[in-house]
1. Kindly indicate whether GLY104 is in contact (Cβ under 8 Å) with a residue 60 or more places away in the chain and either open to solvent by less than 20 Å² (accessible area, probe 1.4 Å) or more than 19 Å from SER7 (Cα to Cα) (or both).
2. Identify all residues within the range 74-91 that are assigned to a loop (DSSP other than H, G, I, E, B) and buried (at least 21 other Cβ atoms within 10 Å of the Cβ); write none if there are none.
3. Conditions: (1) under 14 Å from the mean Cα position of the chain (by Cα); (2) open to solvent by 60 Å² or more (accessible area, probe 1.4 Å). GLY71 meets all but one. Number of the miss?
4. Out of (1) at pLDDT 95 or above; (2) on the phi < 0 side of the Ramachandran plot; (3) not acidic (Asp, Glu), what's the single condition that is false for GLY15?
5. Checking GLY65 against (1) closer than 14 Å to GLN81 by Cβ; (2) open to solvent by 20 Å² or more (accessible area, probe 1.4 Å); (3) touching a residue at least 40 places away in the same chain (Cβ under 8 Å): exactly one of these is not met. Which one?
6. Give the residue that is least open to solvent (accessible area, probe 1.4 Å), with candidates limited to residues of the range 27-62 that are assigned to a loop (DSSP other than H, G, I, E, B) and among the hydroxyl-bearing types (Ser, Thr, Tyr).
7. Taking the conditions exactly as written (farther than 22 Å from GLU88 by Cα, without any contact (Cβ under 8 Å) to a residue 24 or more places away in the chain, assigned to a strand (DSSP E or B) and out of contact with any Gly (no Cβ under 6 Å at 6 or more places or on another chain)), does SER70 satisfy them or not?
8. How many residues does the range 54-94 hold that are of a type in the set (A, V, I, L, M, F, W, C) and closer than 13 Å to ARG19 by Cα?
Amino acid sequence: QVQLVESGGGLVQPGGSLRLSCAASGSILSIYAMGWYRQAPGKQRELVASVTSGGRITYADSVKGRFTISGNNVKNTVHLQMDSLKPEDTAVYYCFVAPGGYWGQGTQVTVSS
């Protein structure tokens, strides 16, 4: 069993920044990728960003140039630096680990003035 603990969500004004963190622990044999999905009310969950153990990074088009993902293979952690936040970034953000389909509990990010 793998546990994911997230931190760093909150309320921020448009144009502001937040940093999300996720730490994986438990029966981890080999992590291929870690990253973040988000789900806004009434919308499907969507991939925000991911990073593989080999360093390959993927971003959603909507966050390119504003969000930066970084991972640590030794500590099994992943961070998401979110800058220039917009109201449309408001969502619950979920950390994930692959393979295995493990998810964090979710952390709320609200961008509002």
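1. Details: in contact (Cβ under 8 Å) with a residue 60 or more places away in the chain: yes; either open to solvent by less than 20 Å² (accessible area, probe 1.4 Å) or more than 19 Å from SER7 (Cα to Cα) (or both): yes.
Answer is yes for this residue.
2. To start, the set of residues in the range 74-91 that are assigned to a loop (DSSP other than H, G, I, E, B) comprises 74-76, 83-86, 90.
The one that is assigned to a loop (DSSP other than H, G, I, E, B) and buried (at least 21 other Cβ atoms within 10 Å of the Cβ): LEU85.
3. It is condition (2) that GLY71 fails.
4. (2)
5. Unmet condition: (3).
6. Our first condition is that a residue be assigned to a loop (DSSP other than H, G, I, E, B); within the range 27-62, this holds for 27-32, 40-45, 53-56, 60.
Cutting the leftovers down to among the hydroxyl-bearing types (Ser, Thr, Tyr) gives us 27, 30, 32, 53.
Numbers: SER27: 80, SER30: 88, TYR32: 116, SER53: 59 Å².
If we take residues in the range 27-62 being assigned to a loop (DSSP other than H, G, I, E, B) and among the hydroxyl-bearing types (Ser, Thr, Tyr), then SER53 is least open to solvent (accessible area, probe 1.4 Å).
7. Working: farther than 22 Å from GLU88 by Cα: yes; without any contact (Cβ under 8 Å) to a residue 24 or more places away in the chain: yes; assigned to a strand (DSSP E or B): yes; out of contact with any Gly (no Cβ under 6 Å at 6 or more places or on another chain): yes.
It is true that SER70 is farther than 22 Å from GLU88 by Cα, without any contact (Cβ under 8 Å) to a residue 24 or more places away in the chain, assigned to a strand (DSSP E or B) and out of contact with any Gly (no Cβ under 6 Å at 6 or more places or on another chain).
8. Looking only at the range 54-94, we keep the residues that are of a type in the set (A, V, I, L, M, F, W, C), and these are 57, 60, 63, 67, 69, 74, 78, 80, 82, 85, 91-92.
Within this subset, residues satisfying the condition of being closer than 13 Å to ARG19 by Cα are 67, 69, 78, 80, 82, 85.
Total meeting the criteria: 6.
The values are calculated or read from the model by the stated rules, or taken from the named source; none is laboratory data. All values derive from a computational prediction rather than experimental measurement. Note that each Cβ is placed from the backbone with ideal geometry, even for glycine, and that neighbours are counted across all protein chains shown. We work out accessible area using only protein heavy atoms, side chains counted, and drop any ligands, DNA or RNA first. Shrake-Rupley method; radii C 1.70, N 1.55, O 1.52, S 1.80 Å.
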